[in-house]
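Novice: First, the structure itself, so that you have it in front of you.
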Amino acid sequence: MTDRDILPDTFKPVHYDLVITDLDFTTWSYKGTVTIEGQLTKPTTEIVLNTLELKLLNSKIEISQSKSDQSWESSNFTEDTKSQRSTITFAEQLPASPKASLTVEFTGELNHDMAGFYRSQYKPVAPPAASVPHDDEFYYMLSTQFESCDARRAFPCFDEPNLKATFDFAIEIPDDQVALSNMPVKETKPTTQGKKLVSFERSPIMSTYLLAWAVGDFEHIEAFTDREYNGKKIPVRVYTTRGLKEQGQWALQHAPKIIDYFSEQFEIDYPLPKSDILAVHEFTHGAMENWGLVTYRMTAILFDEKLSEARFRNRIAYVVAHELAHQWFGNLVTMDWWDELWLNEGFATWAGWLATDHLHPDWDVWPQFINEGMDQAFSLDAVRSSHPIQVEVRDALDVNQIFDKISYLKGCSMIRMLASHLGVKTFLKGIAIYLRKHQYSNAKTEALWAALSEASGTDVNTLMQNWIEKVGFPVLTVTEEDQRISVKQSRFLSTGDVKPEDDQTTWWVPLSLKGKTGSKGIEPLALTTKETTIDGVSNDFYQLNAGATGFYRVNYPESRLKRLGTQLDHLTTEDKIFITGSAADLAFSGHATTAALLSFVQGLKQETHYRVLSQALDSLATIKSIFGDDEQVKAGLEKFTLEVIDNALKTVGWEAKEGEDFNTGLLRKRLLLTAVSNSHEEIRKGAFERWSAYQANPEQSPIPANLRAPVYHSAIVTDPANAVAALKKEWYTTPAIDGKEICLQALGRTTDVEVIKKVLLPFLFNSSPPAAAADSIPGADMHILSGMFAGNRAARPLMWAYIRDNWDEFTGKLAGNPILVDRMINVSLPKFNDLETLKEIEAFFAGKDTKGFDRTLEQVKDKIRGRAAYKTRDAEGVKQWLVSNGYA
């Protein structure tokens with residue numbers, strides 16, 4: 001790519017020596033000095049490096065030459081805030097030199113934007129150390145978040161992933177606090193009264209975005225790997241603010257085992273002398289893979305055995321595995337530029353599920369990935385404004401937008417498809433070759449394909465090139481003759497309006513055919529042309545994409561789909577999830593009908609597997625959200641939904657049974673919540689009775705963690721004003737790590753218009769200060785409530801009107817972090833079903849600067865077009881099916 005907006009190649013960094021001092025908790029500022037050793041590649045009077053929200057004070061460059069050393073000083077700084085760069089101009093031309101040392105003194109901000117070197121607010125659960133900064137509402141910890149382009153907010157640097165260097169780091173902190181960084185502490189020495197300078201050992205060579213540090217009132221728990229590395233077991237620690245460390249036990253049970261597992265699978269030992277985990281109170285994403293100091297959102301790492309909902313066990317185990325996979329794939333070997341972010345995220349997602357499956361085979365995590373991950377990837381990639389996995393990235397704001405789920409989830413789907421085709425063992429052998437060849441360096445996608453080709457003897461680039469470089473994915477349309485099927489591939493768009501120019505790609509498609517005459521297994525056939533015919537296929541039963549490892553949809557004839565609904569004993573859990581998801585997507589796009597989907601789902605009435613029912617219920621919820629404006633249709637869909645879950649609901653009931661498996665507990669919550677949402681009077685009554693008892697005496701009648709969602713929802717339905725007040729209070733005071741998230745999800749189900757307008761929208765969009773902390777959701781969590789509102793028929797238009805009428809307030813609250821603005825646009829607007837609102841959205845943003853969320857906005861508009869087209873096309877068909885089947 002020739003138009004990347006990258007730094008001049010005048011200075012090539014090799015090593016940073018960074019010292020942070022004078023942390024000021026009144027002005028939220030600090031001082032710093034960074035010395036950058038490197039190579040001055042050509043004569044110049046200017047050195048350009050990345051800065052953002054820093055004030056440069058002085059600079060000096062020392063250059064070693066054969067006869068003598070020379071130095072030049074400059075305080076001539078020119079800042080370009082748009083490009084996030086500063087130019088240091090020297091009075092004389094600097095000569096080229098293989099050894100140069102640039103020192104810059106600067107000051108920075110301890111911002112509250114979850115980017116760079118920032119502060120997080122929290123309410124301590126144990127008396128904090130005396131020096132911990134605080135105000136009337138909160139105490140604060142400090143930490144960093146540099147990916148993708150925010151190291152430049154903390155110190156002047158050459159902030160691009162292929163400009164790797166080693167790092168020495170030291171920071172001055174109060175005596176009674178703890179400092180952490182990527183490497184172990186080297187030494188601690190006193191400075192002024194009550195302060196100490198903590199220095200850390202030198203890091204390996206790495207990208208700037210992987211440097212990290214933190215300061216706070218931290219305590220920790222510790223475990224060790226079973227394997228030895230250079231004769232020693234690796235210490236693994238979970239750090240939290242005081243009083244929370246025991247909630248890190250679940251994570252600590254997993255991290256050492258995962259380090260050992262990946263060291264064996266990747267055939268390279270974990271390369272650092274320690275592995276730290278830090279729970280951060282305010283965090284943009286789920287976690288960040290800083291080498292040796294991984295930082296996490298609280299709900300992604302802490303688990304309270306008494307108060308936390310069981311699903312967070314799964315989330316924590318997976319996220320820990322995902323971040324530890326990055327210690328090799330992303331940290332040891334880093335993508336060359338951000339356009340290949342998928343190399344980091346796609347692989348770490350796949351490896352995270354691989355390790356989770358290894359530790360918890362009873363969890364059925366691959367069916368979970370198909371239901372939650374692959375299905376979401378299909379949804380994202382089915383719009384015309386989607387982007388290839390390997391996408392053009394020009395600058396920092398472009399980078400922020402590609403931190404979407406296409407890089408993670410479609411990337412993982414590509415890896416899973418390829419690993420299944422090559423065999424997981426062969427695939428991992430290729431990964432080991434790739435890591436060994438490129439360790440401590442950068443690599444491109446072609447290097448991964450070459451290593452996998454070497455391990456497998458297969459031309460991987462030919463198989464995968466279009467999957468990575470082209471947008472979208474195919475739908476395979478099947479036509480049948482006697483013992484013969486024809487399969488044709490074409491691009492799938494959820495809007496159903498594929499144009500010739502949209503359908504230029506021919507993908508390599510592994511067919512994984514089950515049902516070939518004379519074969520009991522899966523035939524490893526592949527489609528490499530637009531269309532093919534396969535003979536010897538059973539008239540009674542056949543299936544494409546058996547095991548659901550291929551990233552494509554299958555459009556069977558309607559009669560075949562109906563027959564598959566009666567042949568569930570031939571299908572695996574993965575197959576049932578995939579076929580249900582395919583049928584739903586095909587109905588949405590107009591390739592098939594909603595009636596065909598509903599008829600298939602009818603066959604799942606006896607199903608009790610959590611993930612299969614989840615996929616079915618997800619599909620029914622989408623139908624209800626699009627067609628439910630019609631009260632007759634809504635009532636019919638609710639009746640049908642309750643019939644689908646009736647058997648499973650009676651089986652699991654309200655109370656957990658001794659010895660039941662993990663997924664049964666998750667199923668119980670989903671079924672009870674579905675029952676409440678679909679007007680099951682008995683379940684609503686039972687849930688509200690539990691709510692009433694809890695409100696009367698919380699200590700005597702606590703609500704079990706896995707029942708909170710359905711019970712809270714029943715309260716919102718039955719007594720909205722009082723329930724909202726109670727849940728809003730609980731959101732602010734709950735001791736449960738996941739309690740805030742669960743309260744926000746429940747509040748998002750409110751349909752009382754006055755409560756939404758007067759209480760919940762101000763709660764969502766208020767900034768604190770000036771609003772009280774109890775009346776303002778922090779920016780990092782706004783997407784939880786707004787995402788629920790987007791799916792809420794009553795709240796959706798009210799939220800859009802609020803955003804439209806209070807745009808400056810909205811962007812002002814999130815101005816410090818463009819990722820949050822992008823996320824809010826993404827979750828708040830895509831579920832409208834009408835073209836009138838689409839026109840409003842287009843007109844409103846036509847006059848706005850959308851840089852930073854322009855890609856996302858186009859995807860939002862495509863999703864609305866698809867929903868509006870689906871509603872217009874299939875409304876009558878849905879009603880007819882419900883009437884003819886006795887549901888309406």
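Novice: Working only within segment 143-165, note down all residues that are touching a Pro at 6+ places or on another chain (Cβ under 6 Å) and open to solvent by 10 Å² or more (accessible area, probe 1.4 Å). Walk me through it before giving the result.
Specialist: Narrowing segment 143-165 to residues touching a Pro at 6+ places or on another chain (Cβ under 6 Å): 158, 163, 165.
Answer for segment 143-165, where residues must be touching a Pro at 6+ places or on another chain (Cβ under 6 Å) and open to solvent by 10 Å² or more (accessible area, probe 1.4 Å): just Leu163.
Novice: Considering only residues that are of a type in the set (Val, Ile, Thr) and over 18 Å from Met298 (Cβ atoms), look in segment 93-137 and name the one that is surrounded by the most Cβ atoms within 10 Å (Cβ to Cβ). Break it down stepwise before answering.
Specialist: Taking segment 93-137 first, the residues of a type in the set (Val, Ile, Thr) are 103-104, 107, 125, 132.
If we keep only those that are over 18 Å from Met298 (Cβ atoms) too, we end up with 103-104, 107.
On the way: Thr103: 17, Val104: 26, Thr107: 15.
Out of the qualifying residues, it is Val104.
Novice: Moving on to the next point. Show me the helices (runs of 4 or more DSSP H) found entirely inside segment 782-840 where at least 3 residues are open to solvent by less than 40 Å² (accessible area, probe 1.4 Å), among the small types (Gly, Ala, Ser) and over 20 Å from Lys757 (Cβ atoms). First the steps, then the outcome.
Specialist: Values: elements: 782-790, 795-805, 807-814, 818-828.
Hits in segment 782-840: none.
Novice: So, in segment 192-231, how many residues would count as being of a type outside the set (Phe, Trp, Tyr), under 22 Å from Phe146 (Cβ atoms) and not in a strand (DSSP E or B)?
Specialist: Number satisfying all stated conditions: 10.
Novice: Take the conditions more than 22 Å from Ser97 (Cα to Cα), touching a strand residue (DSSP E or B) at 6+ places or on another chain (Cβ under 7 Å) and among the hydrophobic types (A, V, I, L, M, F, W, C) and apply them to Leu54. Does it pass?
Specialist: Values: more than 22 Å from Ser97 (Cα to Cα): yes; touching a strand residue (DSSP E or B) at 6+ places or on another chain (Cβ under 7 Å): yes; among the hydrophobic types (A, V, I, L, M, F, W, C): yes.
The answer is yes for Leu54.
Novice: Would you please name the residue that is least open to solvent (accessible area, probe 1.4 Å), looking only at residues in segment 849-888 that are closer than 17 Å to Glu638 by Cα and outside any helix (DSSP H, G or I)?
Specialist: Tyr887
Novice: Still on this model: Is it the case that segment 401-420 has a residue that's surrounded by fewer than 18 Cβ atoms within 10 Å (Cβ to Cβ) and closer than 29 Å to Tyr318 by Cα? Spell out how you get there, then give the answer.
Specialist: Filtering segment 401-420 for residues surrounded by fewer than 18 Cβ atoms within 10 Å (Cβ to Cβ) gives 420.
From the residues that got through so far, the ones that are closer than 29 Å to Tyr318 by Cα too are 420.
Yes, the conditions are met somewhere in segment 401-420.
Novice: So is Asp569 of a type in the set (D, E, K, R) and within 20 Å of Lys410 (Cα to Cα) or not?
Specialist: Details: of a type in the set (D, E, K, R): yes; within 20 Å of Lys410 (Cα to Cα): no.
The answer is no for Asp569.
Novice: Quick check on segment 207-220. Is at least one of its residues closer than 16 Å to Leu272 by Cβ, touching a Pro at 6+ places or on another chain (Cβ under 7 Å), surrounded by fewer than 17 Cβ atoms within 10 Å (Cβ to Cβ) and not β-branched (Val, Ile, Thr)?
Specialist: Initial filter on segment 207-220 (closer than 16 Å to Leu272 by Cβ): 207, 210-213.
Checking which are touching a Pro at 6+ places or on another chain (Cβ under 7 Å) leaves us with 207.
Restricting the remaining residues to those that are surrounded by fewer than 17 Cβ atoms within 10 Å (Cβ to Cβ) gives none.
Within segment 207-220, not a single residue is closer than 16 Å to Leu272 by Cβ, touching a Pro at 6+ places or on another chain (Cβ under 7 Å), surrounded by fewer than 17 Cβ atoms within 10 Å (Cβ to Cβ) and not β-branched (Val, Ile, Thr).
Novice: Go through (1) in contact (Cβ under 8 Å) with a residue 12 or more places away in the chain; (2) open to solvent by 20 Å² or more (accessible area, probe 1.4 Å); (3) out of contact with any Cys (no Cβ under 6 Å at 6 or more places or on another chain) and name the single condition Leu747 misses.
Specialist: (2)
Novice: Filter segment 622-653 down to residues that are touching a residue at least 40 places away in the same chain (Cβ under 8 Å) and of a type in the set (Gly, Ala, Ser) and give me whichever is nearest to Ala790 (Cα to Cα).
Specialist: Taking the candidates together, the pick is Ser625.
Novice: Moving to a separate point now. Which of (1) within 23 Å of Ile406 (Cα to Cα); (2) outside any loop (DSSP other than H, G, I, E, B); (3) open to solvent by 20 Å² or more (accessible area, probe 1.4 Å) is the odd one out, the single condition Ile431 does not satisfy?
Specialist: Evaluating Ile431 over (1) within 23 Å of Ile406 (Cα to Cα); (2) outside any loop (DSSP other than H, G, I, E, B); (3) open to solvent by 20 Å² or more (accessible area, probe 1.4 Å) leaves (3) as the failure.
Novice: For segment 376-400: of the residues being charged (D, E, K, R) and modelled with pLDDT of 85 or more, which is surrounded by the fewest Cβ atoms within 10 Å (Cβ to Cβ)? Can you show your working first?
Specialist: Residues of segment 376-400 charged (D, E, K, R): 381, 384, 392, 394-395, 398.
Restricting the remaining residues to those that are modelled with pLDDT of 85 or more gives 381, 384.
On the way: Asp381: 23, Arg384: 20.
Once the filter is applied, the top-ranked residue is Arg384.
Novice: Report, ordered by the first and then the second residue, all pairs with beta carbons closer than 6 Å, sequence separation of six or more or different chains, a first member in segment 464-479 that is closer than 15 Å to Lys530 by Cβ, and a second member that is surrounded by 19 or more Cβ atoms within 10 Å (Cβ to Cβ) and of a type in the set (A, V, I, L, M).
Specialist: Pairs found: Leu476/Val487; Leu476/Val554; Val478/Ile485; Val478/Val487.
Novice: So, in segment 244-269, exactly how many residues are in contact with a strand residue (DSSP E or B) (Cβ under 8 Å, 6 or more places away or on another chain) and farther than 17 Å from Trp353 by Cα?
Specialist: 8
Novice: Right, something else. When you look at Arg416, is it of a type outside the set (S, T, N, Q), assigned to a loop (DSSP other than H, G, I, E, B) and farther than 24 Å from Thr284 by Cα, yes or no?
Specialist: Working: of a type outside the set (S, T, N, Q): yes; assigned to a loop (DSSP other than H, G, I, E, B): no; farther than 24 Å from Thr284 by Cα: yes.
Answer is no for this residue.
Novice: Here's something else I'd like to know. Given the structure, is Glu699 open to solvent by 40 Å² or more (accessible area, probe 1.4 Å) and in a loop (DSSP other than H, G, I, E, B)? Reasoning before the result, please.
Specialist: Working: open to solvent by 40 Å² or more (accessible area, probe 1.4 Å): yes; in a loop (DSSP other than H, G, I, E, B): yes.
When the stated conditions are applied, Glu699 passes them.
Novice: Looking at Glu53, Glu62, which one is within 23 Å of Arg153 (Cα to Cα) and open to solvent by 60 Å² or more (accessible area, probe 1.4 Å)?
Specialist: Details: Glu62 fails: within 23 Å of Arg153 (Cα to Cα).
Testing whether each residue is within 23 Å of Arg153 (Cα to Cα) and open to solvent by 60 Å² or more (accessible area, probe 1.4 Å) leaves just Glu53.
Novice: When the residues of segment 584-606 are narrowed to those that are touching a residue at least 40 places away in the same chain (Cβ under 8 Å) and not in a helix (DSSP H, G or I), which ends up most open to solvent (accessible area, probe 1.4 Å)?
Specialist: Only one residue fits best here, namely Gln606.
Novice: Return yes when Glu689 is open to solvent by 40 Å² or more (accessible area, probe 1.4 Å) and not in a helix (DSSP H, G or I) and no when it is not.
Specialist: For Glu689, the condition - open to solvent by 40 Å² or more (accessible area, probe 1.4 Å) and not in a helix (DSSP H, G or I) - is not met.
Novice: Kindly list, by first and then second residue, each pair from a residue in segment 151-167 that is touching a residue at least 12 places away in the same chain (Cβ under 8 Å) and closer than 8 Å to Thr208 by Cβ to a residue that is open to solvent by 10 Å² or more (accessible area, probe 1.4 Å) and β-branched (Val, Ile, Thr), limited to pairs with Cβ atoms under 8 Å and residues at least 6 apart or on different chains.
Specialist: As it stands, the answer is Glu160/Ile6; Ala165/Val14; Ala165/Ile205, since those pairs meet every condition given.
Novice: For segment 220-250, how many residues are over 19 Å from Ser143 (Cβ atoms), more than 25 Å from the chain's Cα centre (by Cα) and of a type outside the set (A, V, I, L, M, F, W, C)? So that I can check it myself, show each step before the final result.
Specialist: Kept after step one, since they are over 19 Å from Ser143 (Cβ atoms), are these residues of segment 220-250: 222-235, 246, 249-250.
From the residues that got through so far, the ones that are more than 25 Å from the chain's Cα centre (by Cα) too are 222-235, 246.
Within this subset, residues satisfying the condition of being of a type outside the set (A, V, I, L, M, F, W, C) are 222, 225-233, 235, 246.
Qualifying residue count, segment 220-250: 12.
Novice: Of all residues in segment 526-538, which are part of a loop (DSSP other than H, G, I, E, B) and open to solvent by 50 Å² or more (accessible area, probe 1.4 Å)?
Specialist: We begin by selecting, within segment 526-538, every residue part of a loop (DSSP other than H, G, I, E, B); these are 528-530, 536, 538.
Correct list: Thr528, Thr529, Lys530.
Novice: Only one residue in Phe551, Phe541, Phe578 is without any contact (Cβ under 8 Å) to a residue 40 or more places away in the chain and either outside any helix (DSSP H, G or I) or among the aromatic types (Phe, Trp, Tyr) (or both), so which one is that? If you could, list the steps in order and put the result at the bottom.
Specialist: Details: Phe551 fails: without any contact (Cβ under 8 Å) to a residue 40 or more places away in the chain; Phe578 fails: without any contact (Cβ under 8 Å) to a residue 40 or more places away in the chain.
Phe541 is the lone residue from the list that is without any contact (Cβ under 8 Å) to a residue 40 or more places away in the chain and either outside any helix (DSSP H, G or I) or among the aromatic types (Phe, Trp, Tyr) (or both).
Novice: Right, another one. Kindly list the number of the only condition in (1) in contact with a strand residue (DSSP E or B) (Cβ under 7 Å, 6 or more places away or on another chain); (2) surrounded by fewer than 23 Cβ atoms within 10 Å (Cβ to Cβ); (3) touching a residue at least 24 places away in the same chain (Cβ under 8 Å); (4) in a strand (DSSP E or B) that fails for Ile234.
Specialist: Status for Ile234: all satisfied but (2).
Novice: Filter segment 658-678 for residues that are closer than 11 Å to Ser714 by Cβ and touching an Asp or Glu at 6+ places or on another chain (Cβ under 9 Å); which is most open to solvent (accessible area, probe 1.4 Å)? Give the derivation first.
Specialist: First, the residues of segment 658-678 that are closer than 11 Å to Ser714 by Cβ: 672-673, 675-677.
Subsequent filtering for residues that are touching an Asp or Glu at 6+ places or on another chain (Cβ under 9 Å) retains 675, 677.
Working: Ala675: 0, Ser677: 35 Å².
Result: Ser677.
Novice: While we're looking at this one, here's another question. Restricting to segment 237-293, and then to whatever is basic (Lys, Arg) and assigned to a helix (DSSP H, G or I), can you tell me which residue is most open to solvent (accessible area, probe 1.4 Å)? If you could, list the steps in order and put the result at the bottom.
Specialist: The first filter runs over segment 237-293 and keeps only residues basic (Lys, Arg), leaving 237, 242, 245, 257, 274.
Going one step further and asking which of them are assigned to a helix (DSSP H, G or I), we end up with 245, 257.
Working: Lys245: 62, Lys257: 111 Å².
So, considering only residues that are basic (Lys, Arg) and assigned to a helix (DSSP H, G or I), the one most open to solvent (accessible area, probe 1.4 Å) is Lys257.
Novice: Does segment 3-12 contain at least one residue that is under 27 Å from Pro204 (Cα atoms) and assigned to a strand (DSSP E or B)?
Specialist: Yes: segment 3-12 contains one or more residues that are under 27 Å from Pro204 (Cα atoms) and assigned to a strand (DSSP E or B).
The values are calculated or read from the model by the stated rules, or taken from the named source; none is laboratory data. Nothing here was measured: the structure is a model prediction, and the numbers come from that model. Cβ: placed from backbone, ideal geometry, glycine included. Neighbour counts: every protein chain shown. The accessibility values were calculated without ligands, DNA or RNA, using every heavy atom of the protein model including side chains. Shrake-Rupley method; radii C 1.70, N 1.55, O 1.52, S 1.80 Å.
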